[in-house]
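For reference, the structure is listed below as structure tokens.
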Amino acid sequence: MTILCQKRPGLLPGKIKHLCGGFTFVELLVVMAIVVIIASLLSAALNQTKSRAHQIICLNNLRQLQLNWILYSGDNEDQLPLNRSQASPDEQIFGRRNTTNSWVVGNPKEDVTSRNIVIGTLFPYTKSASVYRCPSDQSKVVGHSLLRTRSYAINFYLNGDAAGLDPRVKTTLSSVGSPSPDKVFVFIEEHENSFWGGSFVVSPLDKPSVLSANWMSLPSDRHQRGCNLSFVDGHIEYWKWFWPKKLPTYGRIDINRHELRDLRRLQESVPRP
């Protein structure tokens, strides 16, 4: 490295000092460290901005789906979109599949195209398959490198499999009354490792059992340890969980108190008999 020096004018002979314009090795290290810190701060800010943008898109997706769910009911004499499923031979791998007359068809863990979304009963209202997937959802189709086509599921108690068998299961919009429509969730982001059983199942709190202290379907936590939900009255909410969501172990009752708070919160948001 060439170091340029310049005499300082006005100094007596023999006392001339030189001002040098170069940097020492230590100074270069300090500058590099500052650059690295600034770059990391900018990267963190950009990642946070990207994450926030994805969450907003996800909220808008749920807003559209929820509006179309309500519109469907208005066009079909108050009937809710079907949310039914059927068993399959490989159910242990993929879970149950939604039936052909439901709001969506099939199972996102195995769907390699958006066809099962397009033939669902809500698609004529949405007209866009991209609305069914959160941009932060990086889960893959089983056995493929393809992203899944769907991130959302509907509450089991809204025209789900037990309609006519369980009084909690509501088949019409006007029958949702307890708790009030602004308290009952409809769409929810389901965790990629959840069972995906055709609809989102939460054990009812008013029917105590071993499973009432465990997750049956698992919500996602991809939005800074939280997820988005829609409600019967049409509004959307973001719920921050008290505890990270991981693959549930069925039959256990030793979940910690923070996890239990999350479960109880969702149990309070399903219809009652």
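General remarks:
- Taking the stretch 160-249 and the strands (runs of 3 or more DSSP E) fully enclosed by it, the elements with 1 or more residues that are without any contact (Cβ under 8 Å) to a residue 24 or more places away in the chain are at 226-231, 236-240.
- Some residue of the stretch 134-149 being charged (D, E, K, R), touching a Lys or Arg at 6+ places or on another chain (Cβ under 9 Å) and surrounded by fewer than 17 Cβ atoms within 10 Å (Cβ to Cβ): yes
- Any hit, the stretch 35-53, residues being of a type outside the set (A, V, I, L, M) and at pLDDT 80 or above: yes
- Test: ASN68 is assigned to a loop (DSSP other than H, G, I, E, B), in contact with a Leu (Cβ under 6 Å, 6 or more places away or on another chain) and of a type outside the set (Ser, Thr, Tyr): no
- Filter pass, SER151 being within 28 Å of LYS183 (Cβ to Cβ) and in contact with a Cys (Cβ under 7 Å, 6 or more places away or on another chain): yes
The values are calculated or read from the model by the stated rules, or taken from the named source; none is laboratory data. Just so you know, these numbers come straight off a predicted model, no measurement behind them. Glycine gets a Cβ as well: all are built from the backbone with ideal geometry, and neighbour counts include every protein chain shown.
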